[in-house]
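A short reminder: the numbers here are calculations on the coordinates, not readings from a lab. Just so it is clear, the structure is predicted and the values come from calculations on it, not from any experiment. With ideal geometry, Cβ positions are generated from the backbone for all residues, glycine too; neighbour counts draw on all protein chains shown.
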Amino acid sequence: MIYCVIAAVIIAADQITKYLVRASMQPGDSIPIIGDWLRILYVRNTGTAFSMFEGNKWITIALTSILIIVCIVFVIREATSGSKTAALLMTPVAAGGLSNLIDRLVLGYVTDMISCGNFAVFNVADIGVTCGCFLTVVWLLLEMKREGAADGEEQGRAQKQ
């Protein structure tokens, strides 16, 4: 199943990059890539997105688990009887959430390392979650527009008759 392959690639890439950072850096260490605009910055995040609920391990684990279950159920439902596109777009969301949950359960924190300017520090899993959510929203908006146009055409035909 393509969904499992995509999820496995995202989880593996995320876990490998996190391991490499933890093995070669100390928290707070920074390696400039493009000046201060893009750098590798080792941060231990005990919260959720943008460090919300920082220090509340069980809240972050519970919230993350619930969201992952919802995403996985959605992906399975859409892959088997709905839109394969929706399932494909939500797979990185579930995979990224699962990879960060692994960190929370095993380490008690999520390893973040990609820093862009003054924006939040994030990781490969976060990229999967963000891109998956963004693309899903774009796809849904396009679907709504397409359905609206189809409804408009049907109404136009009905009025002509």
Magnitude of the Cβ-charge dipole (Lys and Arg +1, Asp and Glu -1) of the range 2-160 about the Cα centre, nearest 20 debye, reported as 180
Most fluctuating of Met90, Met144, Met25 in the GNM of the chain (C-alpha, under 10 Å) is Met144
Residue-ordered couplings for the range 77-91, obtained by feeding phi - 60° into the Karplus form 6.51 cos²θ - 1.76 cosθ + 1.60 and rounding to whole Hz (Gly and Pro as x), are 4, 5, 5, 8, 9, x, 8, 5, 5, 4, 5, 5, 6, 8, 4
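Can you compute the FRET efficiency between Met144 and Val5 using 1/(1 + (r/R0)^6), with r the Cβ-Cβ distance and R0 = 25 Å? Round to the nearest 0.05.
Details: r = 29 Å, r/R0 = 1.18.
For R0 = 25 Å, the calculated efficiency reads 0.25.
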In the chain, taking the dipole from +1 charges on Lys and Arg beta carbons and -1 charges on Asp and Glu beta carbons about the Cα centre, the listed residue (Ala13, Gly128, Cys116) farthest towards the positive end is Ala13
Note on the chain: the mean projected area of its alpha-carbon convex hull, in nm², is 12.5
Sequence order, the range 107-116: Karplus ³J(HN,Hα) from phi using 6.51 cos²θ - 1.76 cosθ + 1.60, θ = phi - 60°, Hz rounded, Gly and Pro as x, gives 9, x, 7, 9, 7, 10, 8, 9, 10, 10
For the range 12-17, in residue order, the Karplus 3J(HN,Hα) values (coefficients 6.51, -1.76, 1.60; θ = phi - 60°; whole Hz; Gly and Pro = x) are 5, 4, 5, 5, 5, 5
Taking Cα atoms, the helix 124-160 axis meets the longest principal axis of the chain at an angle in degrees (rounded to 10) of 10
Expressed in nanometres to one decimal, the distance between label points 7 Å along Cα→Cβ at Leu135 and Ala120 is 2.0
Any residue on another chain or 5+ positions along whose placed amide H is under 5 Å from the amide H of Glu54 is listed here as Thr48
